[in-house]
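The values are calculated or read from the model by the stated rules, or taken from the named source; none is laboratory data. The shown structure was predicted, so the numbers you read here are calculated from the model rather than taken from an experiment. Neighbour counts run over all protein chains shown; Cβ positions are idealised from the backbone, glycine included. Heavy atoms of the whole protein, side chains included, go into the accessibility calculation; ligands, DNA and RNA do not. Shrake-Rupley method; radii C 1.70, N 1.55, O 1.52, S 1.80 Å.
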Amino acid sequence: MRIGKLHIERPVILAPMEDVTDRSFRKICKRFGADVVYTEFISAEALRRGVEKSVQKMLFEDYERPAVIQIFGNSEEAMAEAAVIAASYAPDYLDINFGCPAKKVAGKGAGAALLREPEKMARIAASVVKAVSIPVTVKTRIGWDRESINILDIIPRLEDAGIGAIAVHGRTRSEMYKGTADWDWIARVKEHARIPVIANGDIWSARDALAMFNHTGADGIMIGRGSIGNPFIFKQVKELLQGGSVVTFPGFSDRIAVAIEHLRLSVECKGEKYGTLEMRRHYATYLKGLPKVSRVRDRLVRENNWQHVIEILRDYETDCERYAKEGKIREYAEYLNDHSKRLVLK
Ligand SMILES: Cc1cc2nc3c(=O)[nH]c(=O)nc-3n(C[C@H](O)[C@H](O)[C@H](O)COP(=O)(O)O)c2cc1C
């Protein structure tokens, strides 16, 4: 896949996710083999106003490259201005969010709302492309609802606007995260597009990743929820794509070790207070399916001292060793199966 100067064969990409793909999680996914990582989406209006929290979200380390900053907004002026600010942080490319279904975004005419205004969408895309000298890509959905799927009408408009690649989540806005992603539509997009297509939606395992490539013929794939608490998925996908079989099967020790690494990075990036607080949402997924996990989770999410959190996790690891001897630890395959039964979304 080529985007500007970037050339990666069959990239496996970490999807942008608000409150998830901060620097700490991106670094972990990178270490496990994610080829490209995206920031959380960042409001163009907030960048224009210099809101510190939004500015912080644009920071990344060279280690993460290729790294992409994603912005959203509802006007050509705001988006062009935000694009210039974002480009000054030197991401490898900029991405525009035309897919967010949330009320706080789509309700204000940004994100997926622009699927109902293809002309305006194209104008915003063109204004961003014109404002910066790095490549600009788009991430979107297949349409607003099942009755108005218009992705095939949108693609040529974005191509004419100078967009360098398009990531497509195979759902409509109305579907939010319900049902299963429609990979047939992504295959259709690939047939029609002249620019690279990145396929997204419901890749929960390495097998799903391979199936997505085969089903859609996409140039790259993008993994979101399947990586939460399970960054190992990037390594597994690589193993399957390169060697024909998966050899990484993380046990409880690996999962706990990565949770601790994630916490350390979170504290390093955000400081002790916020680094510890913001990790709370992640323990459940790292420990999912392990025995007697609810008790330990309750303690983890009440603990304010990150070193104590590490102690709790290490103690739990010792407990797990005992559970394993008693035959109470489930196989990773079972965990995965559970994991794919949808993570709870806001
Ligand atoms: C918690 C969460 C936050 C998300 N935030 C963003 C975002 O900031 N920008 C974006 O383009 N998509 C966002 N998404 C959508 C994902 O990037 C992705 O398109 C969607 O989850 C489908 O892929 P998946 O089935 O692999 O999760 C978010 C999804 C989740 C679950």
Counting just the residues of the stretch 243-271 that are closer than 18 Å to LYS53 by Cβ and among the hydrophobic types (A, V, I, L, M, F, W, C), which one comes out modelled with the highest pLDDT?
VAL267
Just wondering, is there one or more residues in the stretch 136-158 that are within 14 Å of the ligand (Cβ to nearest atom) and either in a loop (DSSP other than H, G, I, E, B) or not assigned by TED's automatic domain parsing to the domain that holds ILE223 (or both)?
no
Pull out all pairs, ordered by first then second residue, where Cβ-Cβ is under 8 Å, the residues are six or more apart or on different chains, the first lies in the stretch 228-249 and is without any contact (Cβ under 8 Å) to a residue 40 or more places away in the chain and within 19 Å of GLU331 (Cα to Cα), and the second is in a helix (DSSP H, G or I) and away from the ligand (no atom under 16 Å from the Cβ).
SER245/GLU239; VAL247/GLU239; THR248/LYS235; THR248/GLU239
Please work out if GLY73 is without any contact (Cβ under 8 Å) to a residue 12 or more places away in the chain, more than 11 Å from the ligand (Cβ to nearest atom) and not hydroxyl-bearing (Ser, Thr, Tyr).
no
Considering only the stretch 234-257, I want to know if a residue exists there that is surrounded by 22 or more Cβ atoms within 10 Å (Cβ to Cβ), within 18 Å of the chain's Cα centre (by Cα), farther than 21 Å from GLU18 by Cβ and in the same structural domain as ILE149 (by TED's automatic domain parsing).
yes
Evaluation of ILE221 against (1) part of a helix (DSSP H, G or I); (2) assigned by TED's automatic domain parsing to the domain that holds LYS30 (one fails), failing number
(1)
Does at least one position in the stretch 212-230 carry a residue that is of a type outside the set (Val, Ile, Thr), more than 24 Å from GLY111 (Cα to Cα), away from the ligand (no atom under 16 Å from the Cβ) and at pLDDT 95 or above?
yes
Within the stretch 143-153, can you find the residues that are closer than 22 Å to ARG2 by Cα and in contact with a Phe, Trp or Tyr (Cβ under 8 Å, 6 or more places away or on another chain)?
ILE151
List the pairs whose first member sits in the stretch 192-216 and is assigned to a helix (DSSP H, G or I) and charged (D, E, K, R), whose second member is open to solvent by less than 10 Å² (accessible area, probe 1.4 Å) and near the ligand (Cβ under 10 Å from one of its atoms), and whose Cβ atoms are under 8 Å apart, counting only residues at least 6 apart or on separate chains?
ASP208/GLY226
Quick one: is TYR274 closer than 30 Å to MET176 by Cα, of a type in the set (Phe, Trp, Tyr) and either within 16 Å of the ligand (Cβ to nearest atom) or modelled with pLDDT under 95 (or both)?
no
Just checking, does the stretch 172-181 include any residue being touching a Leu at 6+ places or on another chain (Cβ under 6 Å), within 16 Å of the ligand (Cβ to nearest atom), open to solvent by 30 Å² or more (accessible area, probe 1.4 Å) and within 20 Å of ILE8 (Cα to Cα)?
no
Considering GLY73, GLY50, which residue is under 23 Å from LYS103 (Cβ atoms) and over 12 Å from the mean Cα position of the chain (by Cα)?
GLY73
Suppose the filter is within 14 Å of the ligand (Cβ to nearest atom) and free of Cβ contacts under 8 Å to residues at least 40 places away in the same chain; does LYS57 pass it?
yes
Counting just the residues of the stretch 76-110 that are of a type in the set (Asp, Glu) and more than 16 Å from the ligand (Cβ to nearest atom), which one comes out nearest to THR137 (Cα to Cα)?
ASP92
